[in-house]
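A quick write-up on the structure given underneath.
Only the coordinates and a few stated rules stand behind these numbers; no lab work does. Quick caveat: nothing in here was measured; it's all calculated off a predicted structure. Here Cβ is always computed from backbone atoms with ideal geometry, including for glycine, and neighbour counts include all displayed protein chains.
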């Protein structure tokens with residue numbers, strides 16, 4: 001396992017996945033080119049994210065008609081939804097821990113839907129808040 005560290009969080013990446021840092025996000029892709037995970041980070045200057053804030057942000061930014069369910073991922077907790085759009089299968093998470101909010105999207109072609117679900121869940125279960 002490789003550990004990817006950011007200023008706010010870290011995550012363990014299995015050898016069959018690659019990572020790339022972009023200006024405002026981290027991309028994690030599987031080497032079989034089935035799908036990829038995109039993680040964006042939002043931090044509060046003061047206070048912690050409340051569940052109601054997280055749900056409002058999801059409602060304001062997610063695709064219409066998403067059905068959300070509660071989820072935990074490592075040190076983070078939040079909500080997740082799955083849907084299909086324009087030939088793609090997507091899973092979206094809004095996860096928070098303290099003052100850190102992660103927006104996570106997994107995307108693959110519709111024909112590959114579900115193929116990487118267990119592996120993606122395993123990766124996200126390794127999310128840890130960075131030590132101050």
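What does the highest-first list of 92-104, 20-32 look like by mean Cβ count within 10 Å?
Working: 92-104: 21.6, 20-32: 12.8.
In descending order of packing, they fall as 92-104, 20-32.
Were the residues from residue 112 through residue 10 laid out at 0.36 nm apart, the gain over their Cα-Cα distance would be 34.0 nm.
Run the helix sum for the chain: -39,500 (n - 2.57) per DSSP H stretch of 4+ residues, divided by residue count, reported at 222 nm to the nearest 500 deg cm²/dmol. Kindly include the intermediate steps, with their values, before the conclusion.
Values: 2 runs with 19 residues, N = 132.
It comes out at -4000 deg cm²/dmol, rounded to the nearest 500.
May I ask for the distance between the Cα centers of segment 66-103 and segment 1-38, given as a whole number of Å? Between the Cα centres of segment 66-103 and segment 1-38 lies a distance of 16 Å. Take every Cα pair under 8 Å whose residues are at least 6 apart in sequence, average their separation, divide by the length of the chain, and the relative contact order is 28 percent.
Taking 0.36 nm per residue of separation and subtracting the current Cα-Cα distance, fully stretching the chain between residue 31 and residue 66 would add 9.7 nm.
Name all residues of segment 4-23 having a backbone nitrogen under 14 Å from the label point set 7 Å from the Cα of residue 43 along its Cα→Cβ direction, giving them as ranges. Answer for segment 4-23: 5-10.
Here, the chain is characterised by an Rg to Rh ratio of 0.94, where Rg is the alpha-carbon radius of gyration and Rh the Kirkwood radius. Dividing the mean sequence gap of close Cα pairs (under 8 Å, 6+ apart) by how many residues segment 76-132 holds gives a relative contact order of 28 percent.
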